[in-house]
Amino acid sequence: MTILTAPCFLLKNTEFYARAVTPYGHFVFERNVHMKVCEICRSSINEDNVYEMDGQLLCADCYYENTRECDCYGDRIWCDDDAGDDNISLCSHCRENHYTVCDDCGRLIHDDDACYFDDDDYAYCRSCYERRGRSHIHCYSFKPEPIFYGDSDLYMGIELELDRGGEIDSNAERLLDIANADCTNLYIKRDGSLDEGMELVTHPMSLDYHCIEMPWEDICHEAVVMGYRSHKTSTFSA
């Protein structure tokens, strides 16, 4: 009676073939045992457990470690091709056609969930939109109906750029309390040319109103106390 030893396995075209041998070293049969090789880790995998990604055969571990689902359409993508952020995974198609970035916090948001103000075209997530709706700092394109102060043939508005102190709503509120104690003389806007600041803008005023009625000295003093500067900063040339 012929006794067979344990089969040995030979690799051929990413499939394993088994050959049993006798104690005398003679091959007695050969058959395909339907094994594949993972193209990442090179481990052998049974054909019933093979995963395919872009024409590559992968084992389960490599498949789930190196790919993920697009949270928009559900297609499988390579992790290295993920166009999303820390909160969402996206393929490049969905990122370009269905998502935008919140102009305030930088978070990706679906186009259907983006919020906009009437006076600008910037997209905001819901939380930033609600916060900015209560903010004392308007967007850069904000332009209210002008209010003319003083009696003159010539009216002038001033834009005072403050930097270094931060785009901080509570700071803006303090400055507005001083400037607008008696009437709405001034409003505050964002300015992308500033690193950490904001822009103070007056309504049109006569020269006498600027010099006598407008509390510029108190406004500038408070701004300096809060760390703001309008000269000798990285965003202003000497």
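The values are calculated or read from the model by the stated rules, or taken from the named source; none is laboratory data. Source: prediction; values computed, not measured. Note that we place each Cβ from the backbone using ideal geometry, even for glycine, and neighbour counts take in every protein chain shown.
Arg190 versus (1) surrounded by fewer than 13 Cβ atoms within 10 Å (Cβ to Cβ); (2) touching a residue at least 40 places away in the same chain (Cβ under 8 Å): which is the lone unmet condition?
That leaves (1) as the condition not met.
Do we find that Asp153 is assigned to a loop (DSSP other than H, G, I, E, B), more than 21 Å from the chain's Cα centre (by Cα) and at pLDDT below 90 in this structure?
no
Where residues in the range 68-109 are in a loop (DSSP other than H, G, I, E, B) and under 24 Å from Tyr140 (Cα atoms), which of them is modelled with the lowest pLDDT?
Ranking the qualifying residues of the range 68-109, first place goes to Asp104.
Starting from residues that are out of contact with any Phe, Trp or Tyr (no Cβ under 6 Å at 6 or more places or on another chain) and of a type in the set (Val, Ile, Thr), keep the ones in the range 193-227 and report whichever is surrounded by the most Cβ atoms within 10 Å (Cβ to Cβ).
Thr202
For (1) part of a helix (DSSP H, G or I); (2) at pLDDT 95 or above; (3) within 12 Å of Met198 (Cβ to Cβ), each residue gets a yes or a no:
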residue: Tyr122; (1), (2), (3): no, no, no
residue: Tyr129; (1), (2), (3): yes, no, no
residue: Gly166; (1), (2), (3): no, no, yes
residue: Glu173; (1), (2), (3): yes, no, yes
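Could you say whether any residue in the range 133-146 is within 15 Å of the chain's Cα centre (by Cα), in a loop (DSSP other than H, G, I, E, B) and surrounded by fewer than 16 Cβ atoms within 10 Å (Cβ to Cβ)?
Within the range 133-146 (the criterion being within 15 Å of the chain's Cα centre (by Cα), in a loop (DSSP other than H, G, I, E, B) and surrounded by fewer than 16 Cβ atoms within 10 Å (Cβ to Cβ)), the answer is no, since none of the residues qualifies.
Out of the range 147-164, which residues are closer than 19 Å to Asn180 by Cβ, surrounded by 17 or more Cβ atoms within 10 Å (Cβ to Cβ) and in contact with a Lys or Arg (Cβ under 9 Å, 6 or more places away or on another chain)?
Answer for the range 147-164, where residues must be closer than 19 Å to Asn180 by Cβ, surrounded by 17 or more Cβ atoms within 10 Å (Cβ to Cβ) and in contact with a Lys or Arg (Cβ under 9 Å, 6 or more places away or on another chain): just Leu162.
Can you go through Cys125, Cys79, Cys105 and tell me which one is exposed (fewer than 14 other Cβ atoms within 10 Å of the Cβ) and under 20 Å from Glu167 (Cα atoms)?
Every option except Cys105 fails the conditions.
Does Asp112 count as farther than 20 Å from Glu199 by Cβ and either at pLDDT below 85 or part of a loop (DSSP other than H, G, I, E, B) (or both)?
No: the conditions fail for Asp112.
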